[in-house]
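I have placed the structure first, in the form of structure tokens, so that the comments after it can refer back to it.
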Amino acid sequence: MDMQNQIPTPATEEDNYASLSDLLQEFTTIPNIDKAWLFNSHSTTLQGMFSINQPDLVANKTKKLMLSCQIFKESESSVNFLWAPFPIEISGVSLIIPSPSGSKLLLIWNPKDDESPCRFEIWSQSRMEKDFHIPQSLHGSVYNDRWFEGVSWNLDETFVAYVAEEPSLSKPEFRDAGYKKGGGCVPADKNCGTWKGQGDLEEDWGETYAGKRRPALFVINISSGEVQAVKGIDRSLSVGQVVWAPFHDGSEQYLVFVGWSGEKRKLGMKYCSNRPCALYAVRAPHHDSKSNEQEINSTQEWYILNLTRTISSALFPRFSPNGKFLVFLSAKSAVDSGVHNATNSLHRIDWPTDGKLHQSAKIYDILPVVTSAEEGCFPGLYCTTIHNNPWLLDNSTMIISSIWHSSEVLLSVNVLSGEVAHISPADPSFSWNLLTLDGNNIIAICSSPVDVPQIKYGTFTEKSKESIPWSWSDISSPMFRCSDKVRSSLFSLKCSILKIPIKEACQGIAKGASNPFEAIFVSSKSKKNDPLIVILHGGPHDVSLSCFSKSWAFLSSVGYSLLIVNYRGSLGFGEEALQSLPGKVGCQDVNDVLSAIDEVIKLGVASPSKITVMGISHGGFLTTHLIGQAPDKFAAAAAINPVCNLALMVGTTDIPDWCYVEAFGTNSKHSFTQAPSPQHLTLFYNKSPISHLSKVKAPTLFLLGAKDVRVPIYDGLQYARALKEKGVDVKTIMFPNDVHGLQRPQSEFECFLNIAVWFNKYCKLQVKDHT
């Protein structure tokens, strides 16, 4: 045998791309479940419908699929899911909303261009019953962003309320002789030599909302197709999250919605819960426009009510099934402090049985903000939404998905007593997310960084000293089946949650800020000291969860250990820990990450010579800070839309308030209204990674979205170009049609493929044959 043939040759960059792209595609094809609905058939059988999305790399879009099933209840604690043989693609559909009884299904198609209409289809079990085409003279696209988004059937299923872009405002018209007064061209089929002017700038809500018009409220009669804009709402309010209020005979029918004021400059809304907002009640329009206008004019002061005047934030209104309570989430901690996300609170308004509303309705606190929790105790409420129907059969218990340290858990909350219980299994290396409810039973998704998602069925049992009140069973499903290659890769990995002690002992530090923070550690079961990737989330007031991530799983399958750090300031650890970071960015968060790295080196599970680091947004801020402040610690780095120079960012971003709060502290949340002073610009520069640029040695990959308005590309480009001039190995990849999150399928694929190739190059990791 020729022994020379057994010696591996060094892998070229092309070898890396070819091999790793094959493996990454295997992970990319794993679908996700968006939503699920259950429909009663009879007492022992349910019909289920699951909305799935799957990336289509060639088309560079995400396919939306629907998979149905029958659910047979064999006993109180045993169910069997019988799945349809194939999913069905729902091409181009923007929203799917079943009616309350499940007898009708609303499908909404948003316009493809500035001329085409919005389409509403109403389906029954056997056929399409209605097909309405709504011209853009009435409204533009229906919001489907999970923030302003709100589509709600009324109880008797005759009307649907929804949030859509208001019609385009009229613009000045010009012709060769100058400004054109009066109407349009006559006759319409002749070229009159006119053109539309631009008109006044209409500000939008920033990142991902660029070019979208103000969200406004509409109601459609699903029998006639008549659409009415809900009147009485001032244009200074942007509307979202609408629901129908309970209806009582002889009383008015109300819609309840969230309203954000946009009288001054609209700041970025995406990822930001710190924008002041309130719950409003407005009379639903009757489909008799003349009488309705007369009624509005005669009772204008009672047409719209602010229900939450005494609280600075009110989100996700949910009525109990019996109509007695209106429950809502509040981000008042974020609004009042200025940080873009913080610990939530939960509140209740007792809804009047006579349907007569009052602006002085009492707001009850169900779950207040938790400042600091004892070990093992509830750390506070951290939600991105509340399920549309979160109620158990007692009409007073809600099921909520919430962040608990580094995992997402299921909570039961009694809205009368305020009692909260952690009901999902207490393994922090797994995360749980609510899909839907079946009476007192739960359908949820469970996963970990090394376990693909699994559908779980939770059954409620009576509490006793000997039993656990919830039991969970696995539901076999075809949705998360993955290739043998992926399954084998994941089987060789393990995951743990590390507690990282605080190193500095500052006087006056809050108790919650002195508790250990956490890091998720993913590594091989059989090997030690694999090259390490330190992964840093953005925000900074966000969190990395112990759930399945296709991109993380890919990187760990390539041969890397992952250290995913939830530094102080992350969600899920109490308000004191979160609020300890503003004013200390670039210092406290950097030291926390270095402490986490030192911890895994001390444990003997990471090699000090093969450490890489990557992050997005504020995670990119930390990445570029780390390679400047600890230049000999990192073999390579990758930064996705990073904050590199706050002095540059503050004048171009959609969230200038973020720059002030994180750099100066929460007392500076209103300073962004002033032009930055020379002193402020100097401090911004000194707090930024660019101030440490002269010390950087690590080869760095930059991945930038050209349409990013959160951290505009020149922030990263300035830093990358300066590094290159200094002689550091730099590679920059620009995604011309992507925004801050780089979430288009091709962008995300190329992003993580290039990260793996870049790190392999500098960690000298031998490429495996994944073909």
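A short reminder: the numbers here are calculations on the coordinates, not readings from a lab. Quantities reported herein were computed from a predicted structural model and do not represent experimental measurements. Neighbour counts run over all protein chains shown; Cβ positions are idealised from the backbone, glycine included.
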**OP:** Using the Kirkwood radius over Cα pairs, work out the Stokes-Einstein diffusion coefficient for region 346-486 at 4 °C and 1.567 mPa s, in µm²/s as a whole number.
**Re:** 76 µm²/s
Original post:
For the residue pair Ser417 and Ile509, what label-to-label distance in nm results when each label sits 7 Å from Cα along the Cα-to-beta-carbon direction?
Top reply: 3.8 nm
Subject >> Expected 222 nm ellipticity per residue - DSSP helices of 4 or more, -39500 (n - 2.57), all of the chain, to 500 >> reply: -5500 deg cm²/dmol
Original post:
If you project the alpha carbons of region 407-561 onto the principal axes, what extent comes out on each, in Å, largest first?
Top reply: 54, 48, 32
Original post:
By how many nm would the segment from His133 to Asn737 grow when fully extended, if each residue of separation counts as 0.36 nm and the alpha-carbon distance is taken off?
Top reply: 214.5 nm
**OP:** List every residue whose amide H lies under 5 Å from the amide H of Tyr254, counting only residues 5 or more places away in sequence or on a different chain, with H placed 1.01 Å from N in the peptide plane.
**Re:** Ala245, Ala284
Subject >> Packing rank of 410-421, 566-577, where each peptide gets the mean count of other beta carbons within 10 Å, highest leading >> reply: 566-577, 410-421
Original post:
Hey, how many Å between the Cα centroid of region 338-369 and the Cα centroid of region 620-698?
Top reply: 37 Å
**OP:** Report the relative contact order of region 646-687, percent, no decimals, based on alpha-carbon pairs under 8 angstrom and at least 6 residues apart.
**Re:** 43 percent
Original post:
Over the Cα atoms of region 339-409, what is the Rg over Rh ratio if Rh follows Kirkwood?
Top reply: 1.03
Original post:
Among 348-356, 527-535, 656-664, what's the highest-first ranking by average C-beta atoms within 10 angstrom per residue?
Top reply: 656-664, 527-535, 348-356
Original post:
Once the Cα atoms of helix 713-726 and of the chain are each reduced to a long axis, what angle between those two axes, in degrees from 0 to 90 to the nearest 10, is obtained?
Top reply: 10 degrees
**OP:** Note down the relative contact order for region 455-574 as a percent, whole number, built from C-alpha pairs under 8 angstrom at least six residues apart.
**Re:** 23 percent
**OP:** Output ³J(HN,Hα) for region 656-666: one whole-Hz value per residue in order, computed from phi by the Karplus curve 6.51 cos²θ - 1.76 cosθ + 1.60 with θ = phi - 60°, and x for Gly and Pro.
**Re:** x, 4, 4, 4, 5, 4, 6, 7, 9, x, 5
**OP:** Figure the gain on full extension for Glu121 and Thr158 (residue separation times 0.36 nm, minus the Cα-Cα span) and round it to one decimal in nm.
**Re:** 11.9 nm
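Report the full-extension gain for the segment Asn306 to Asp145: residue separation times 0.36 nm, less the Cα-Cα distance, to one decimal in nm.
Full-extension gain reported as 55.5 nm.
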Subject >> Rg(Cα)/(2.2 N^0.38 Å) for region 215-258, N = residue count >> reply: 1.27
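If N is the number of residues in region 646-687, what value comes out of its Cα radius of gyration divided by 2.2 N^0.38 Å?
Relative to the rule-of-thumb radius for its length, region 646-687 sits at 0.97.
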Subject >> Hypothetical label at Asp484: residues of region 13-36 whose amide nitrogen lies under 17 Å (7 Å Cα-Cβ projection) >> reply: 23, 26-27
Original post:
Tell me, how many Å apart are the Cα centres for region 18-37 and for region 200-277?
Top reply: 35 Å
Subject >> Unit charges on C-beta of K, R, D, E only; dipole of the chain, Debye >> reply: 1260 debye
Original post:
Using the count of nearby Cβ atoms within 10 Å as a rough guide to exposure, how do Ser492, Ser141 rank from fewest to most?
Top reply: Ser492, Ser141
Subject >> Pairwise centroid distance, computed over Cα atoms, of region 532-602 with region 130-172, Å >> reply: 40 Å
Original post:
Given H placed on each backbone N at 1.01 Å, which residues far from Ser141 in sequence or on other chains put an amide H within less than 5 Å of it?
Top reply: Glu165
**OP:** Starting with the fewest neighbours, write out His422, His541, His740 ranked by other beta-carbon atoms found within 10 Å of each beta-carbon.
**Re:** His422, His740, His541
Original post:
Given H placed 1.01 Å from N in the peptide plane, which residues other than close sequence neighbours of Thr62 have an amide H under 5 Å from its amide H?
Top reply: Asp56
**OP:** Express the C-alpha Rg of region 387-463 as a ratio against the empirical globular expectation 2.2 N^0.38 Å, rounded to two decimals.
**Re:** 1.07
Original post:
Listed highest first by mean packing, meaning other Cβ atoms within 10 Å per residue, what order do 726-736, 709-719 come in?
Top reply: 709-719, 726-736
Original post:
In degrees between 0 and 90, to the nearest 10, how far off the longest principal axis of the chain does helix 618-629 point, with axes built from Cα atoms?
Top reply: 20 degrees
Subject >> Cα gyration tensor of the chain - equivalent ellipsoid semi-axes, whole Å, descending >> reply: 43, 33, 28
Subject >> the chain - percent relative contact order, Cα under 8 Å, separation 6 or more >> reply: 9 percent
